[in-house]
Amino acid sequence: MERKKLNEYYKNKFGKDFPSSTLSKWVKEGRVKAIKKDNGLYDYDFESFKEIVDSPKYITALKATKSKPEDYIGKVKGQLLIKGIVPIKERKEKDYKGTIMYCDCLACGKQNVQVRFSYLTDNGNYHQESCGCLRKQRAFLASSRNDLTLEHLIPF
């Protein structure tokens, strides 16, 4: 099958063109079988291509695309209202190479909390829901007597 037909299948499934560099990489790795024809074009094995792009692993990886921090400004993630991007000179984590966002904690009212952008997206392994106040509340309730509630917790 020609690359054009593989691309049509991919475009119908995902709504965008399939990168030719990825196809070349998969052929070199032996994941997609290809035979070079006399005219210099390749004849690709549709079944091996389809098996890869239909796999749950590929679909998950495709969804984990890079997010733009600017698109998150003004949105609420958990109890954090995302306000803006922290300039490099104002960062508390000087060694961190990624983007850090200014957030306001809606749970306790703390302002200008610096949170890593990767903690605010759905792509990462870790998600931050507040400035840390909710974690402190859960720790207090877990380590206290059964008759104590959040009313006994002094605001911090």
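The values are calculated or read from the model by the stated rules, or taken from the named source; none is laboratory data. Small disclaimer: the values here were computed from a predicted structure and weren't measured. Neighbour counts run over all protein chains shown; Cβ positions are idealised from the backbone, glycine included.
Check whether at least one residue in segment 8-24 is among the acidic types (Asp, Glu) and loosely packed, with under 10 Cβ neighbours inside 10 Å, and report yes or no.
As a first pass, look at segment 8-24 and keep what is among the acidic types (Asp, Glu): 8, 17.
Right, trim to loosely packed, with under 10 Cβ neighbours inside 10 Å and you get none.
Checked segment 8-24: no residue is among the acidic types (Asp, Glu) and loosely packed, with under 10 Cβ neighbours inside 10 Å.
List the strands (runs of 3 or more DSSP E) that sit entirely inside segment 46-137 and contain at least 2 residues that are surrounded by 16 or more Cβ atoms within 10 Å (Cβ to Cβ) and at pLDDT below 90.
On the way: elements: 80-85, 100-105, 113-116.
Passing ranges: none, list empty.
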Do the conditions hold for Lys16, that is, is it among the basic types (Lys, Arg), at pLDDT below 90 and not in a helix (DSSP H, G or I)? yes
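Could you please give the count of residues in segment 7-62 that are at positive phi and acidic (Asp, Glu)?
To start, the set of residues in segment 7-62 that are at positive phi comprises 15, 30, 40.
The next check asks that each one be acidic (Asp, Glu); those that pass are none.
Residues flagged as at positive phi and acidic (Asp, Glu) within segment 7-62 amount to 0.
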Cβ pairs under 9 Å, 6+ apart, first in segment 1-12 and within 11 Å of Phe46 (Cα to Cα), second exposed (fewer than 12 other Cβ atoms within 10 Å of the Cβ) and polar (S, T, N, Q): Arg3/Ser20; Asn7/Ser20
All positions within segment 19-45 that are out of contact with any helix residue (DSSP H, G or I) (no Cβ under 7 Å at 6 or more places or on another chain), over 20 Å from Lys63 (Cβ atoms) and in a loop (DSSP other than H, G, I, E, B): Gly30, Lys37, Asp38, Asn39, Gly40, Leu41, Asp45
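Looking at segment 41-63, is at least one residue among the polar types (S, T, N, Q) and closer than 27 Å to Arg135 by Cα?
Here is the first cut: in segment 41-63, the residues among the polar types (S, T, N, Q) are 48, 55, 60.
From the residues that got through so far, the ones that are closer than 27 Å to Arg135 by Cα too are none.
No; the residues of segment 41-63 include none that is among the polar types (S, T, N, Q) and closer than 27 Å to Arg135 by Cα.
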Residue satisfying condition, being within 30 Å of Glu2 (Cα to Cα) and in contact with a strand residue (DSSP E or B) (Cβ under 9 Å, 6 or more places away or on another chain), within set Tyr102, Tyr42, Tyr119: Tyr42
